[in-house]
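*Asks:* The structure that follows is given in the form of structure tokens.
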Amino acid sequence: MRAHDRHPAGAPGGFTLLELLVALGVLALIAGSVAAGIRLAAASIERGEAVTREAARLRAAVGIMERAIRSMDPLPIPVEDNTTFYFAGGGKKVRFLTAQPPAAFRWGGPRLVSFHEIPGPDGGLAMSTAPPFRLEGAGGWEGTDGPRILVPGAAEVSFTYSEGPSKEGAWEWLPSWDPKETGRLPAAVRVEFTSGGDHGRGKTAFVVPVPAGGGLGE
């Protein structure tokens, strides 16, 4: 008996070439869908990590600014031809004396601190610091030397100042603060700026009370 006669008539045979091609096509579609899903998931994870890093950097920068402004010190130091407390509040830059400089600078004792905007793609919201006792006096310090970028890419930086709430409880915010006119430190400083990366920009705004302000010299 020949070998092919051992199989009864009607017994199932192997896959045809067309069936194999169809099966391979289906498998290719499934593999492509799975790969696309993995790529999308990886991109989503990367975006989430980038947003988390940006948020953490922003929180750290805000914390540095809050601690420095809260510790604003009315200690009299040489300013121009006088010995008085040091403060210079502008719309794009604020300079003052702090009793507790940020730990990031690793300096102890009072320091002159400046927060300001550096324009351009490599700029952002920056911080500069200097010793308070200077040959030319603190009044000659521009507050822009040796800057450290706290929020890269920050723009539209704005500082406004308030002497405190009115009798009606309203807060008036001024675009500048001159201690020669007010005779005291501001009661609070409001900071505003925009920042963000490839995932969109957002606005940050916060108010920092000044414990030593709002009544100094009255």
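The values are calculated or read from the model by the stated rules, or taken from the named source; none is laboratory data. Keep in mind that this is a model prediction, so the values were computed, not measured. Glycine gets a Cβ as well: all are built from the backbone with ideal geometry, and neighbour counts include every protein chain shown.
*Asks:* How about the stretch 77-87: which of its residues are in a strand (DSSP E or B) and either within 23 Å of the chain's Cα centre (by Cα) or free of Cβ contacts under 8 Å to residues at least 60 places away in the same chain (or both)?
*Replies:* Once the filter is applied, which keeps residues that are in a strand (DSSP E or B) and either within 23 Å of the chain's Cα centre (by Cα) or free of Cβ contacts under 8 Å to residues at least 60 places away in the same chain (or both), the stretch 77-87 yields 82, 83.
*Asks:* Return the total of residues in the stretch 104-153 being modelled with pLDDT of 90 or more, part of a loop (DSSP other than H, G, I, E, B) and in contact with a helix residue (DSSP H, G or I) (Cβ under 9 Å, 6 or more places away or on another chain).
*Replies:* Count: 0.
*Asks:* Same structure, new question: Pull up the stretch 174-200, narrow it to residues that are surrounded by 13 or more Cβ atoms within 10 Å (Cβ to Cβ) and basic (Lys, Arg), then point me to the one that is farthest from residue 72 (Cα to Cα).
*Replies:* 190
*Asks:* Filter the stretch 123-153 down to the residues that are surrounded by 15 or more Cβ atoms within 10 Å (Cβ to Cβ) and among the polar types (S, T, N, Q) and list them by number.
*Replies:* 128, 129
*Asks:* Give me the pairs: first residue in the stretch 176-196 and touching a residue at least 60 places away in the same chain (Cβ under 8 Å), second residue buried (at least 18 other Cβ atoms within 10 Å of the Cβ) and assigned to a helix (DSSP H, G or I), beta-carbon distance under 6 Å, and six or more apart or on different chains, which are they?
*Replies:* Close Cβ pairs (under 6 Å, with a partner that is buried (at least 18 other Cβ atoms within 10 Å of the Cβ) and assigned to a helix (DSSP H, G or I)) amount to 189/69.
*Asks:* If residue 211 passes every condition in (1) surrounded by 15 or more Cβ atoms within 10 Å (Cβ to Cβ); (2) modelled with pLDDT under 95; (3) under 20 Å from residue 67 (Cα atoms) but one, which one does it miss?
*Replies:* It is condition (1) that residue 211 fails.
*Asks:* Pairs please, first residue from the stretch 1-30 and surrounded by 10 or more Cβ atoms within 10 Å (Cβ to Cβ), second anywhere and modelled with pLDDT of 80 or more, Cβ atoms under 8 Å, 6+ apart in sequence or on different chains.
*Replies:* Here the result reads 15/23, each pair linking the stretch 1-30 to a residue that is modelled with pLDDT of 80 or more.
*Asks:* Filter the stretch 155-209 down to the residues that are under 30 Å from residue 120 (Cβ atoms) and assigned to a loop (DSSP other than H, G, I, E, B), then identify the one that is farthest from the chain's Cα centre (by Cα).
*Replies:* Filtering the stretch 155-209 for residues that are under 30 Å from residue 120 (Cβ atoms) and assigned to a loop (DSSP other than H, G, I, E, B), the one farthest from the chain's Cα centre (by Cα) comes out as 178.
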